[in-house]
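Some notes on the structure that comes next.
The values are calculated or read from the model by the stated rules, or taken from the named source; none is laboratory data. Being a predicted model, the structure only gives us computed values, none of them experimental. We place every Cβ from the backbone using ideal geometry, glycine too, and count neighbours over all the protein chains shown.
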Amino acid sequence: MRVVLDTNVLISALISPSGSAHLVYKAWQSGDFRLVSCEEQIAEMRRVTRRPAIRDWIKPAEAGRLINQIRHLAIMIDPVPQVSASPDPADDYLLAMAVSGHADYLVTGDKSDLLALERFKRTRIVTIRRFLLARS
């Protein structure tokens, strides 16, 4: 199974080691699914984890370790095709990764924009909780 994790899921996994997002992160590390990512997502993670408010929650070394894991273990999409389908254009690259990476799921904590689509081509767009339930 191939999965795109929204950057907000990856960041949440680092912030809350006892939360649902961390369970998804651990499932990926255990080989339960293949993560699909791209350099654009890594750049977004770098930007977000450098914000002062986030640095209070995530040490730079933790963020760097996650970025290195993604770069070495994920299916990296390059180049990412142009897609214009999300209510939030900043999320279009996630949909593009899902299509190019033949992802079964796109998991997001986004309460409205991406989830409103429910599906994009063959990829189901779900919450963290729904993804965890689908796996069990």
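Look through the stretch 110-136, keep the residues that are polar (S, T, N, Q) and at pLDDT 95 or above, and return whichever of them is nearest to T7 (Cα to Cα). Before you say what the answer is, go through the steps one by one.
Pass one, the stretch 110-136, residues polar (S, T, N, Q): 112, 123, 127, 136.
Next cut, at pLDDT 95 or above only: 123, 127.
Working: T123: 17, T127: 13 Å.
Among residues in the stretch 110-136 that are polar (S, T, N, Q) and at pLDDT 95 or above, the one nearest to T7 (Cα to Cα) is T127.
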Output the residues belonging to the stretch 26-44 that are under 11 Å from the mean Cα position of the chain (by Cα) and part of a loop (DSSP other than H, G, I, E, B).
C38
Scan of the stretch 49-93 for residues that are in contact with a helix residue (DSSP H, G or I) (Cβ under 7 Å, 6 or more places away or on another chain) and surrounded by 16 or more Cβ atoms within 10 Å (Cβ to Cβ), ordered by number:
T49, I58, A63, L66, I67, I70, I77, V80, V83, S86, D91, Y93
Those residues of the stretch 107-117 which are in contact (Cβ under 8 Å) with a residue 24 or more places away in the chain and not hydroxyl-bearing (S, T, Y), in sequence order
V107, G109, D110, D113, L114, A116, L117
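Looking for something over 17 Å from N8 (Cβ atoms) and either modelled with pLDDT of 95 or more or of a type in the set (S, T, N, Q) (or both) - is there at least one such residue anywhere in the stretch 34-52?
Our first condition is that a residue be over 17 Å from N8 (Cβ atoms); within the stretch 34-52, this holds for 34, 39, 52.
The next check asks that each one be either modelled with pLDDT of 95 or more or of a type in the set (S, T, N, Q) (or both); those that pass are 34, 39.
Taking every residue of the stretch 34-52 in turn, at least one turns out to be over 17 Å from N8 (Cβ atoms) and either modelled with pLDDT of 95 or more or of a type in the set (S, T, N, Q) (or both).
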Taking S86 as meeting all but one of (1) of a type in the set (S, T, N, Q); (2) closer than 16 Å to V3 by Cβ; (3) touching a residue at least 12 places away in the same chain (Cβ under 8 Å), write down the number of the exception.
(2)
Contact list, first residue from the stretch 26-40 and farther than 15 Å from I70 by Cβ, second anywhere and surrounded by fewer than 12 Cβ atoms within 10 Å (Cβ to Cβ), beta-carbon distance below 9 Å, six or more apart or interchain, is D32/M1
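Just give me the residues in the stretch 59-87 being in a loop (DSSP other than H, G, I, E, B) and either closer than 21 Å to R122 by Cβ or at pLDDT 95 or above (or both), in sequence order.
Residues satisfying the conditions are A74, I77, D78, P79, V80, P81, Q82, V83, S84, A85, S86, P87.
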Consider the stretch 1-46. How many of its residues are touching a strand residue (DSSP E or B) at 6+ places or on another chain (Cβ under 8 Å) and surrounded by fewer than 16 Cβ atoms within 10 Å (Cβ to Cβ)?
2
State which residue pairs qualify: first residue in contact (Cβ under 8 Å) with a residue 12 or more places away in the chain and surrounded by fewer than 20 Cβ atoms within 10 Å (Cβ to Cβ) and inside the stretch 118-134, second residue not in a helix (DSSP H, G or I) and not charged (D, E, K, R) in any location, beta carbons under 6 Å apart, and separation of 6 or more residues or different chains.
R124/Y105
The residue that is modelled with the lowest pLDDT, considering only those in the stretch 94-109 that are surrounded by fewer than 20 Cβ atoms within 10 Å (Cβ to Cβ) and not in a helix (DSSP H, G or I), is G109
